[in-house]
Protein chains: 2
Amino acid sequence: MTTADLLRPASRRDRLAAWTSQLQDEITALFESLDGGRFAEAVWAREGGGGGAARLLAEGAVFEKAGVNRALVEGILPPEAAGRLGGNIPAGTTPHFFATGVSVVVHPRSPMVPTTHLNVRYFELTDADGHVFDAWYGGGTDLTPTHPFPEDAREFHRALKRTCDAHGAHLYPTYKAWCDEYFRNTHRANEARGVGGVFFDHLRPDEAAHGLDEAGLHAFVTSVGRALATAYAPIVRRRRDLGYTARDLRLQRHRRARYVEFNLLHDRGTLFGLQTGARTESVLMSMPPVAEWPAPEDPEPGSIEAALAAMLVPQDWAQEG
Amino acid sequence: MTTADLLRPASRRDRLAAWTSQLQDEITALFESLDGGRFAEAVWAREGGGGGAARLLAEGAVFEKAGVNRALVEGILPPEAAGRLGGNIPAGTTPHFFATGVSVVVHPRSPMVPTTHLNVRYFELTDADGHVFDAWYGGGTDLTPTHPFPEDAREFHRALKRTCDAHGAHLYPTYKAWCDEYFRNTHRANEARGVGGVFFDHLRPDEAAHGLDEAGLHAFVTSVGRALATAYAPIVRRRRDLGYTARDLRLQRHRRARYVEFNLLHDRGTLFGLQTGARTESVLMSMPPVAEWPAPEDPEPGSIEAALAAMLVPQDWAQEG
């Protein structure tokens with residue numbers, strides 16, 4: 001860094017880079033405290049601009065695999081990615097992009113501890129000279145149980161509702177519904193990936209739907225990025241020392257196969273990452289350590305398999321009482 | 001069936017239905033003889049027309065999971081499938097389709113026995129009155145080793161070359177190259193799924209590229225449909241009783257994860273099946289019983305992992321000498 005760089009006022013992109021860097025550090029510290037183990041970091045550069053830092057905790061005491069990744073990528077938007085992206089691209093322009101985000105996927109060792117995923121991201125489209133013609137935030141977090149504990153779904157959703165309500169009472173219901181809509185295995189009769197959470201994309205400042213200005217929107221997304229400390233950590237502490245059976249482990253491997261199917265067939269973030277030249281190992285850190293595709297069978301009434309299937313129907317988990 | 005049906009001369013579609021039915025029976029018998037176990041059959045109907053028979057051999061002595069599926073589906077072509085299909089659809093028409101095929105995927109229990117896949121299919125596009133405006137054959141078979149035995153790749157390819165050569169000397173080299181091009185994990189630096197085989201699609205009668213008339217084309221595709229008896233069965237018999245280690249099993253699970261990635265991210269047949277309303281469990285019978293996503297690492301020189309990686313570079317396996 002030159003003296004000129006040091007004297008230059010921090011640009012919006014600098015501030016956003018610092019934002020994802022800090023969130024990554026906070027989330028890393030949270031999961032290290034829950035597990036007792038340490039993350040290893042692999043830094044990668046993207047051909048075409050930018051790169052990332054992939055942090056992996058493998059074979060931990062609590063987490064079989066936990067990934068806390070940060071990316072900051074920029075360059076010319078590949079045409080096949082432009083179609084999926086949903087941004088406003090003026091006709092006749094070659095869109096350039098800048099994006100930074102943090103992605104978290106953890107696969108606990110114990111089937112009694114649910115899996116969680118979190119992502120927050122900022123995205124902007126510019127022309128070749130850096131003139132911004134569209135910019136937005138996206139993100140969310142959701143819970144995927146591998147053993148049926150309805151109280152975990154309630155605790156996760158109530159904590160998310162409190163997090164969102166601090167920024168506006170209409171946010172949680174809207175983004176909870178969006179999450180239920182998004183995380184569905186449409187090829188499996190719309191079975192949900194898990195019990196949902198919140199999900200949002202293309203949130204631009206001062207839109208009537210959310211009513212947040214630029215600072216308010218940034219603060220809201222930051223709160224979502226910090227939500228696992230209250231929404232997920234208490235569940236891990238309550239479940240991590242429970243005993244479990246070989247059957248519980250088998251059900252966990254079956255559910256992980258559905259997780260694989262969703263991420264490779266339907267998840268826009270995964271497909272976007274693979275199409276835009278992000279590091280494959282970082283994009284696919286969401287893959288579970290081990291997955292099992294069983295022969296088809298209907299769960300027995302009263303079984304843990306049936307109880308878990310019932311939890312995968314979207315419902316009002318945050319309702320008090 | 002009415003008397004009128006019985007007296008009606010067999011239509012082209014009737015003959016094609018009998019063709020896939022017979023191939024399915026032959027392949028089922030082959031794998032039952034290799035394993036000693038029996039397939040169970042699940043018959044399914046497709047909303048919108050047609051259906052299939054999924055035959056599954058689970059937990060066999062040799063095959064942890066073997067699927068031999070037949071489908072015969074017809075109806076209105078979903079618009080999202082039309083784009084991927086590659087057929088000639090006249091502007092302004094609502095395409096109807098008729099398709100029948102047999103798909104085989106086997107996942108052997110022993111990592112010393114390679115996985116194989118085979119598919120043959122006939123596809124036709126018509127208007128609402130059944131007037132055919134395009135029709136073609138597709139298919140192929142390939143080998144995916146989970147332990148590095150180069151002689152298995154040679155034997156498989158030499159048998160396929162003999163099978164193809166009986167119908168024309170130009171067929172094997174063309175369709176071997178097409179297979180190498182198709183079964184690549186483009187998101188994994190173009191790593192091949194396995195050691196290839198043959199692959200072809202959109203083969204229409206009397207095209208200069210293959211020089212086969214309708215009867216010749218049908219005979220060629222039928223030979224490919226029967227190829228596993230000479231190309232794969234001898235490999236199974238040679239390898240099925242070998243001992244193996246926990247490390248061999250781990251490498252098998254790692255390779256199976258790449259198999260999952262290819263089928264869910266890239267395989268046109270899988271995506272077409274899921275989009276056109278075929279039975280999900282039948283389309284996804286190609287999923288391995290268990291897959292493992294390891295933490296990224298480079299294979300040690302001289303290891304079985306390195307030897308297998310070297311086999312995944314396309315090469316001239318059928319060369320004699």
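Here, each number is a calculation from the coordinates, and none is a lab measurement. This structure is a prediction, so every number in the text was calculated from the model and none was measured. With ideal geometry, Cβ positions are generated from the backbone for all residues, glycine too; neighbour counts draw on all protein chains shown.
Each 20 Å bin from zero up to the one holding the largest Cα-Cα distance in the protein assembly as shown carries the following percent of pairs: 17, 48, 30, 5, 0. Mind checking the log10 I(q)/I(0) for segment B:10-311 at q = 0.08, 0.10 Å⁻¹? Debye, one equal scatterer per Cα, no solvent, two decimals. Treating every Cα as an identical point scatterer, log10 I(q)/I(0) equals -0.34, -0.54.
Using a Förster distance of 41 Å, how high is the FRET efficiency between A:D165 and A:A246, based on the Cβ-Cβ distance and rounded to 0.05? Don't skip to the answer; put the middle values down first.
Numbers: r = 42 Å, r/R0 = 1.02.
That pair, A:D165 with A:A246, gives E of 0.50.
The H on the amide N of B:D134, modeled in the peptide plane, is under 5 Å from the matching H of B:L125, each at least 5 residues off or on a different chain. Ordered by the number of other Cβ atoms lying within 10 Å of each residue's own Cβ, fewest first, B:I235, B:I304 fall into the sequence B:I304, B:I235. The value of relative contact order for chain A, using C-alpha pairs under 8 Å at least six residues apart, is 17 percent. Centre-to-centre separation between the Cα atoms of segment B:94-131 and those of segment B:270-303: 17 Å.
If I fit a long axis through the Cα atoms of helix A:246-265 and take the longest principal axis of the Cα atoms of chain A, what angle between them do I get, 0 to 90°, rounded to 10? Helix A:246-265 and the main axis of chain A meet at about 30 degrees. Taking 0.36 nm per residue of sequence separation and removing the Cα-Cα distance, the A:E214/A:D316 pair yields an extension gain of 33.7 nm. Packing here is the average count of other Cβ atoms within 10 Å per residue, and on that basis the peptides B:23-33, A:80-90, highest first, run B:23-33, A:80-90. In chain A, the beta carbon lying closest to the axis that superposes A onto B belongs to the residue given here with its whole-angstrom distance, A:L264, 2.
Given R₀ = 45 Å, FRET efficiency for A:A229-B:A128 by Cβ-Cβ distance, to 0.05? Kindly include the intermediate steps, with their values, before the conclusion.
Details: r = 59 Å, r/R0 = 1.32.
Efficiency, from the Cβ-Cβ distance: 0.15.
Note on A:M285, B:M311: ascending count of other Cβ atoms within 10 Å places them as B:M311, A:M285, the fewest first. Between helix B:150-165 and chain B there is an angle of about 20 degrees, using the helix long axis and the longest principal axis of the Cα atoms. Between B:T245, B:T174, B:T100, the GNM of chain B built on Cα springs shorter than 10 angstrom shows B:T245 fluctuating the most.
Only sites in a loop by DSSP and with at most 11 other Cβ atoms within 10 Å count here; which GluC sites (Glu not before Pro) in segment A:287-321 make the cut? Display every interim value, and only then the final one.
Working: sites: A:E292, A:E297, A:E305, A:E320; in loops: A:E297, A:E320.
Answer in residue order: A:E297, A:E320.
Working from the Cα coordinates of segment B:40-100, the gyration tensor eigenvalues give, after taking √(5λ), semi-axes of 32, 13, 7 Å in decreasing order. Across segment A:121-236, the relative contact order, built from alpha-carbon pairs under 8 Å that are at least six residues apart, equals 33 percent.
Listed by Cβ neighbour count within 10 Å, with the fewest neighbours leading, A:D129, A:D241 appear as A:D129, A:D241. With the convex hull of its Cα atoms as the shape, segment A:141-241 has an orientation-averaged projected area of 6.9 nm². For chain B, the longest principal axis of the Cα atoms and the long axis of helix B:171-182 meet at an angle of about 70 degrees. Across peptide A:267-276, the mean count of Cβ atoms from other chains lying within 10 Å of each residue's own Cβ comes to 1.
Taking a straight Cα-Cα cut-off under 26 Å and skipping sequence neighbours fewer than 8 places away in the same chain, the lysines within cross-link reach of A:K161 are A:K176.
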